[in-house]
Amino acid sequence: MVVTVCAEHIEAEVFEVLGRATLMLRLPGRVLPSDGQLRAAFDDFDETVRAVLLSSSNRPKSLHAPLMPDRNFQKLGGHGIARDVQADPAKFDEIVRGYHGDLYKSDFRNPEKRKLRGAYMLDEDTAFQADRLHTSVQTIGQASRMDAFHLFNAHHSFGAKTDPGLHFDVMNKDGDGIGHVLRDVLTGIADGGDTKHLNATPCDRLV
């Protein structure tokens with residue numbers, strides 16, 4: 001597991017770059033406490049860390065709510081999975097299953113591959129359909145190798161190791177243009193609108 005320890009006054013900054021990637025342990029004050037106090041804080045947080053690890057390890061393979069892209073799905077749609085988890089990580093399992101129930105439409109059908117069903121819905125028309133792992137959407141290019149925050153987000157979800165090849169096929173339910181402008185987290189290149197299909201990784205890479 002990866003846990004980020006931070007003084008509370010930089011919580012927002014830490015959340016912006018690592019809100020999905022690590023578990024955040026926020027401590028009061030503008031500086032970190034003494035070693036003894038820090039060890040005590042870790043001891044108190046240990047049970048929560050173990051619970052998140054157990055839930056992440058045992059989650060059904062079809063439950064991808066905690067892996068939804070933060071910028072291109074969660075923030076765009078106002079679905080604050082990462083925000084709610086970090087506010088109360090002890091309720092990790094309850095939170096992600098609740099979002100799964102609210103956002104997952106099991107009868108969704110891929111407009112081009114009609115046998116593929118089920119997707120997380122950004123809105124009533126825009127689907128993020130989880131696809132199988134493959135290497136073409138793993139961390140790619142020199143930019144990925146140079147960006148430490150991106151690599152954390154690519155390889156961890158709330159502290160637990162994830163599969164970097166997992167991605168979401170983004171599409172309109174009718175096969176029309178996606179209708180949303182989605183943005184690559186590293187290059188800043190935007191796509192969407194009239195685009196009919198995009199691959200989006202949990203760490204907001206667009207392929």
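Determine, yes or no, whether E112 is surrounded by fewer than 16 Cβ atoms within 10 Å (Cβ to Cβ), over 19 Å from P202 (Cα atoms) and touching a Gly at 6+ places or on another chain (Cβ under 9 Å). Criteria met by E112.
Residue count for the stretch 153-200, restricted to those that are open to solvent by less than 40 Å² (accessible area, probe 1.4 Å), in a loop (DSSP other than H, G, I, E, B), in contact with a Pro (Cβ under 7 Å, 6 or more places away or on another chain) and farther than 25 Å from V5 by Cβ: 2. Just give me the residues in the stretch 13-26 being touching an Asp or Glu at 6+ places or on another chain (Cβ under 9 Å) and open to solvent by 50 Å² or more (accessible area, probe 1.4 Å), in sequence order. Answer for the stretch 13-26, where residues must be touching an Asp or Glu at 6+ places or on another chain (Cβ under 9 Å) and open to solvent by 50 Å² or more (accessible area, probe 1.4 Å): just R26.
Candidates I10, I95, I81: the one that is open to solvent by less than 20 Å² (accessible area, probe 1.4 Å) and more than 16 Å from T162 (Cα to Cα) is I81.
For the stretch 35-65, the candidate set comprises residues that are open to solvent by 60 Å² or more (accessible area, probe 1.4 Å) and among the hydroxyl-bearing types (S, T, Y); within that set, the residue that is farthest from A119 (Cα to Cα) is S57.
Applying the criterion of at least 2 residues that are aromatic (F, W, Y) to the strands (runs of 3 or more DSSP E) found wholly in the stretch 81-133 leaves 104-109.
The values are calculated or read from the model by the stated rules, or taken from the named source; none is laboratory data. Nothing here was measured: the structure is a model prediction, and the numbers come from that model. Ideal geometry is used to build each Cβ from the backbone, glycine not excepted, and the neighbour counts take in all protein chains shown. Heads up: the accessible areas ignore ligands, DNA and RNA and are worked out on the full protein's heavy atoms, side chains in. Shrake-Rupley method; radii C 1.70, N 1.55, O 1.52, S 1.80 Å.
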